[in-house]
Amino acid sequence: MYETILVPTDGSGGVAPAIEHALQLATTYGATVHALYVVDETESGAAIIGSDAGGGTRRQRESIGTEATEAIADAADDAGVECTQAVREGTPYRVITQYADEHDADVVVMSTRGRTGVSRVLLGSVTEQVVRTTDRPVLAVSRGTET
């Protein structure tokens, strides 16, 4: 059922539940995990999934992305799962959907931020944007409520 599982990350600890779900799916189905970090130039460097993990220079954000995808690769290795890492630049939801299409991802496993109020209504979340713009299944894993 699943051969390729895409896991976008922002490098924060809140992504851990999504990584855990992705690795469980990959172990069950013998799938490959793709760890993706998007350097978002449109939000002054805020990384994907609405995190505050961004900021700094482009090189610093790329370094954060490399560390974030390496953490997923390490967890995948511990679970005996093959993992591919990628750091891309652009608008997060667009890059995620494009990457999913390019690699024929069977499912995108993403964490949610739990943003509330006006910021959620005005900005939306990257997870919501991916759900609205992709034809691929998206497993949205709760990372708890944040304000």
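The values are calculated or read from the model by the stated rules, or taken from the named source; none is laboratory data. This one's a predicted model, so the numbers in the text were calculated from it and none came from an experiment. In this analysis, Cβ positions are derived from the backbone assuming ideal geometry, glycine residues included, and neighbour counts consider all displayed protein chains. When the accessible area is computed, the model is the full protein with side chains, heavy atoms only, and any ligands, DNA or RNA have been set aside. Shrake-Rupley method; radii C 1.70, N 1.55, O 1.52, S 1.80 Å.
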Two-site label geometry, residue 98 and residue 139: point separation in nm, points 7 Å out along Cα→Cβ: 2.7 nm
Computed label-point distance, nm, for sites residue 41 and residue 59 using a 7 Å Cα→Cβ extension: 1.7 nm
Computed accessible area, residue 67, all protein chains, 1.4 angstrom probe, square angstrom: 120 Å²
Length released on extending from residue 4 to residue 20, taking residue separation times 0.36 nm less the Cα-Cα span: 4.2 nm
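Which order do 103, 34 take when ranked by solvent-accessible area (1.4 Å probe, heavy atoms of all protein chains), largest first?
Details: 103 70, 34 20 Å².
Order by accessible area, largest first: 103, 34.
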Residue order for 29, 93, 99 - accessible surface, 1.4 angstrom probe, largest first: 29, 93, 99
